[in-house]
Amino acid sequence: DLVALPGAHRNVEPSFEHYPDRPVIDLDGGRATVILGELAGVRAEGRTFSPIVGADLAPDASASLVVPLDPAFEHALVPLAGRAGLDGRALAVDALYYLGTGRAEVSLGASGAGSRVLLLGGAPFGETVLMWWNSVGRTTDEIVAARDDWEAGRRFGEVRRYAGARLPAPKFVARPVPPNPAS
(Lines give C-alpha, C1' and ligand atoms only; values in the text may rest on other atoms or scores of the structure.)
Protein backbone atom coordinates (compact mmCIF):
# COMPACT_ATOMS: atom_id res chain seq x y z
CA ASP A 1 0.00 0.00 0.00
CA LEU A 2 1.10 3.55 -0.62
CA VAL A 3 1.37 5.82 2.37
CA ALA A 4 2.80 9.32 2.13
CA LEU A 5 5.56 9.77 4.70
CA PRO A 6 6.50 12.93 6.60
CA GLY A 7 9.61 14.69 5.28
CA ALA A 8 11.94 13.25 7.95
CA HIS A 9 11.06 9.67 6.94
CA ARG A 10 10.35 9.90 3.23
CA ASN A 11 13.48 8.06 2.13
CA VAL A 12 13.34 5.06 4.45
CA GLU A 13 14.20 1.69 2.96
CA PRO A 14 11.21 -0.15 1.42
CA SER A 15 9.84 -2.88 3.67
CA PHE A 16 6.98 -5.31 4.02
CA GLU A 17 5.27 -6.41 7.22
CA HIS A 18 2.58 -9.07 7.41
CA TYR A 19 -0.05 -9.06 10.15
CA PRO A 20 -2.69 -11.72 9.45
CA ASP A 21 -4.87 -10.85 12.46
CA ARG A 22 -6.41 -7.40 12.68
CA PRO A 23 -8.55 -6.13 15.57
CA VAL A 24 -12.32 -5.96 14.98
CA ILE A 25 -14.51 -3.39 16.73
CA ASP A 26 -18.27 -3.79 17.14
CA LEU A 27 -19.85 -0.38 16.57
CA ASP A 28 -23.39 0.93 16.46
CA GLY A 29 -24.72 -0.47 13.15
CA GLY A 30 -21.85 -2.76 12.16
CA ARG A 31 -18.17 -3.43 12.65
CA ALA A 32 -14.77 -2.07 11.76
CA THR A 33 -11.58 -4.04 11.16
CA VAL A 34 -8.64 -1.80 12.01
CA ILE A 35 -5.99 -2.34 9.35
CA LEU A 36 -3.44 0.20 10.57
CA GLY A 37 -3.28 2.91 13.21
CA GLU A 38 -6.00 3.56 15.73
CA LEU A 39 -9.79 3.76 15.63
CA ALA A 40 -12.18 4.10 18.59
CA GLY A 41 -9.34 3.49 21.04
CA VAL A 42 -8.26 0.23 19.35
CA ARG A 43 -4.80 0.07 17.78
CA ALA A 44 -3.66 -2.30 15.04
CA GLU A 45 0.02 -3.15 15.23
CA GLY A 46 2.22 -2.04 12.38
CA ARG A 47 4.96 0.50 11.75
CA THR A 48 3.73 4.02 11.08
CA PHE A 49 5.57 7.32 10.71
CA SER A 50 2.70 9.70 11.49
CA PRO A 51 -0.72 9.44 13.13
CA ILE A 52 -2.83 7.38 10.70
CA VAL A 53 -5.91 5.17 10.45
CA GLY A 54 -7.02 2.57 7.95
CA ALA A 55 -10.15 0.48 8.58
CA ASP A 56 -12.45 -1.85 6.67
CA LEU A 57 -16.01 -0.81 7.59
CA ALA A 58 -18.89 -3.28 7.31
CA PRO A 59 -22.33 -1.80 8.01
CA ASP A 60 -25.09 -4.21 8.96
CA ALA A 61 -27.72 -4.72 6.23
CA SER A 62 -30.15 -1.80 6.07
CA ALA A 63 -28.42 -0.13 9.01
CA SER A 64 -26.47 3.03 9.67
CA LEU A 65 -22.92 2.45 10.88
CA VAL A 66 -21.64 5.24 13.14
CA VAL A 67 -17.84 5.44 13.18
CA PRO A 68 -15.99 7.79 15.55
CA LEU A 69 -13.29 9.90 13.87
CA ASP A 70 -10.40 12.03 15.08
CA PRO A 71 -11.51 15.53 14.02
CA ALA A 72 -7.88 16.63 13.58
CA PHE A 73 -7.36 14.02 10.83
CA GLU A 74 -8.14 14.30 7.15
CA HIS A 75 -10.38 11.36 6.18
CA ALA A 76 -11.55 9.70 3.00
CA LEU A 77 -13.87 6.81 2.17
CA VAL A 78 -13.49 4.26 -0.63
CA PRO A 79 -16.55 2.00 -1.08
CA LEU A 80 -15.35 -1.53 -1.86
CA ALA A 81 -18.56 -3.56 -2.25
CA GLY A 82 -22.33 -3.38 -1.88
CA ARG A 83 -24.45 -0.26 -1.53
CA ALA A 84 -23.45 2.38 0.99
CA GLY A 85 -24.47 5.99 1.40
CA LEU A 86 -23.20 9.10 3.13
CA ASP A 87 -25.20 12.21 3.98
CA GLY A 88 -28.19 10.96 1.99
CA ARG A 89 -26.37 10.17 -1.25
CA ALA A 90 -25.21 6.88 -2.68
CA LEU A 91 -21.48 6.18 -2.86
CA ALA A 92 -20.00 4.58 -5.98
CA VAL A 93 -17.77 1.55 -5.52
CA ASP A 94 -14.06 2.24 -6.17
CA ALA A 95 -14.39 6.03 -5.94
CA LEU A 96 -12.55 8.07 -3.30
CA TYR A 97 -14.65 10.49 -1.23
CA TYR A 98 -12.55 13.11 0.58
CA LEU A 99 -14.13 14.19 3.87
CA GLY A 100 -11.57 16.76 5.02
CA THR A 101 -10.97 17.54 8.70
CA GLY A 102 -13.30 18.49 11.53
CA ARG A 103 -15.59 15.43 11.60
CA ALA A 104 -16.03 13.70 14.96
CA GLU A 105 -17.90 10.83 13.33
CA VAL A 106 -19.21 9.50 10.06
CA SER A 107 -22.52 7.70 9.60
CA LEU A 108 -22.66 5.25 6.69
CA GLY A 109 -25.99 3.95 5.51
CA ALA A 110 -26.24 0.52 3.89
CA SER A 111 -28.99 -0.92 1.74
CA GLY A 112 -28.66 -4.66 1.65
CA ALA A 113 -26.01 -7.04 2.91
CA GLY A 114 -22.34 -7.11 1.96
CA SER A 115 -21.47 -3.42 2.00
CA ARG A 116 -17.82 -2.65 2.76
CA VAL A 117 -16.12 0.73 2.84
CA LEU A 118 -12.44 1.52 3.37
CA LEU A 119 -11.78 4.39 5.78
CA LEU A 120 -8.45 6.18 5.37
CA GLY A 121 -7.20 9.03 7.50
CA GLY A 122 -4.28 10.78 9.07
CA ALA A 123 -2.80 13.98 10.36
CA PRO A 124 -2.60 16.60 7.59
CA PHE A 125 0.91 17.23 6.28
CA GLY A 126 0.41 20.91 5.43
CA GLU A 127 2.02 20.46 2.00
CA THR A 128 1.07 19.13 -1.40
CA VAL A 129 1.55 15.38 -1.77
CA LEU A 130 1.31 13.80 -5.23
CA MET A 131 0.41 10.17 -5.88
CA TRP A 132 0.93 8.55 -9.24
CA TRP A 133 0.74 4.80 -9.91
CA ASN A 134 3.06 3.29 -7.24
CA SER A 135 4.79 6.55 -6.33
CA VAL A 136 4.35 9.33 -3.81
CA GLY A 137 6.26 12.63 -4.01
CA ARG A 138 6.09 16.36 -3.40
CA THR A 139 6.94 17.49 -6.93
CA THR A 140 6.54 16.30 -10.50
CA ASP A 141 10.33 15.88 -10.68
CA GLU A 142 10.22 13.46 -7.72
CA ILE A 143 7.50 11.41 -9.41
CA VAL A 144 9.46 11.30 -12.68
CA ALA A 145 12.61 10.22 -10.78
CA ALA A 146 10.63 7.49 -8.99
CA ARG A 147 9.28 6.22 -12.32
CA ASP A 148 12.77 6.22 -13.80
CA ASP A 149 14.13 4.34 -10.77
CA TRP A 150 11.34 1.75 -11.04
CA GLU A 151 12.02 1.18 -14.74
CA ALA A 152 15.78 0.85 -14.07
CA GLY A 153 15.27 -1.57 -11.16
CA ARG A 154 16.71 0.89 -8.61
CA ARG A 155 15.48 1.85 -5.14
CA PHE A 156 12.31 -0.27 -4.93
CA GLY A 157 13.65 -3.79 -4.50
CA GLU A 158 11.98 -6.89 -5.89
CA VAL A 159 8.68 -8.60 -5.27
CA ARG A 160 10.08 -12.10 -4.88
CA ARG A 161 6.80 -13.99 -4.59
CA TYR A 162 5.31 -12.52 -7.77
CA ALA A 163 5.50 -15.20 -10.49
CA GLY A 164 5.51 -12.88 -13.48
CA ALA A 165 7.80 -10.36 -15.11
CA ARG A 166 8.32 -7.01 -13.42
CA LEU A 167 5.38 -4.75 -14.29
CA PRO A 168 6.36 -1.76 -16.40
CA ALA A 169 5.33 1.67 -15.17
CA PRO A 170 2.68 3.34 -17.31
CA LYS A 171 3.60 6.38 -19.37
CA PHE A 172 3.78 9.45 -17.15
CA VAL A 173 1.64 12.43 -18.14
CA ALA A 174 2.40 15.58 -16.16
CA ARG A 175 -0.50 17.63 -14.85
CA PRO A 176 -0.46 21.03 -13.18
CA VAL A 177 0.00 20.82 -9.41
CA PRO A 178 -0.20 23.51 -6.75
CA PRO A 179 3.16 24.62 -5.33
CA ASN A 180 4.12 23.61 -1.80
CA PRO A 181 4.15 26.41 0.76
CA ALA A 182 7.61 27.79 1.56
CA SER A 183 9.16 25.97 4.50
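The values are calculated or read from the model by the stated rules, or taken from the named source; none is laboratory data. Note that the structure is predicted; figures quoted are calculated from it, not measured. Cβ: placed from backbone, ideal geometry, glycine included. Neighbour counts: every protein chain shown. For the accessible areas, the whole protein counts, side chains as well, though only heavy atoms, and no ligand, DNA or RNA atoms are used. Shrake-Rupley method; radii C 1.70, N 1.55, O 1.52, S 1.80 Å.
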- Task: State the number of residues belonging to the stretch 25-43 that are aliphatic (A, V, I, L, M), farther than 30 Å from R161 by Cα and either outside any loop (DSSP other than H, G, I, E, B) or over 19 Å from the mean Cα position of the chain (by Cα) (or both).
- Result: 4
- Among A76, A55, which is the only one that is surrounded by fewer than 17 Cβ atoms within 10 Å (Cβ to Cβ), modelled with pLDDT of 95 or more, of a type in the set (A, V, I, L, M, F, W, C) and under 14 Å from the mean Cα position of the chain (by Cα)? A76
- Which condition does R22 not pass, out of (1) in a loop (DSSP other than H, G, I, E, B); (2) within 24 Å of G126 (Cα to Cα), if it passes all the others? (2)
- Query: Of the residues that make up the stretch 82-101, is at least one under 22 Å from P23 (Cα atoms), open to solvent by 10 Å² or more (accessible area, probe 1.4 Å) and of a type outside the set (S, T, Y)?
  - Reply: no
- Single residue of V106, V93, V66 found to be of a type in the set (V, I, T) and either farther than 21 Å from A40 by Cα or free of Cβ contacts under 8 Å to residues at least 24 places away in the same chain (or both): V93
- From (1) closer than 17 Å to L120 by Cβ; (2) open to solvent by 60 Å² or more (accessible area, probe 1.4 Å), pick out the condition that doesn't hold for G46. (2)
- Task: Kindly indicate which of L96, L130, L119 is modelled with pLDDT of 95 or more and not small (G, A, S).
- Result: L119
- Message: I'm trying to understand the selection: among the residues of the stretch 105-149, which are within 29 Å of P170 (Cβ to Cβ), among the small types (G, A, S) and surrounded by 16 or more Cβ atoms within 10 Å (Cβ to Cβ)?
- Response: G121, G122, S135, G137, A146
- Item | Given (1) under 17 Å from A4 (Cβ atoms); (2) open to solvent by 30 Å² or more (accessible area, probe 1.4 Å), index of the condition G41 fails | (1)
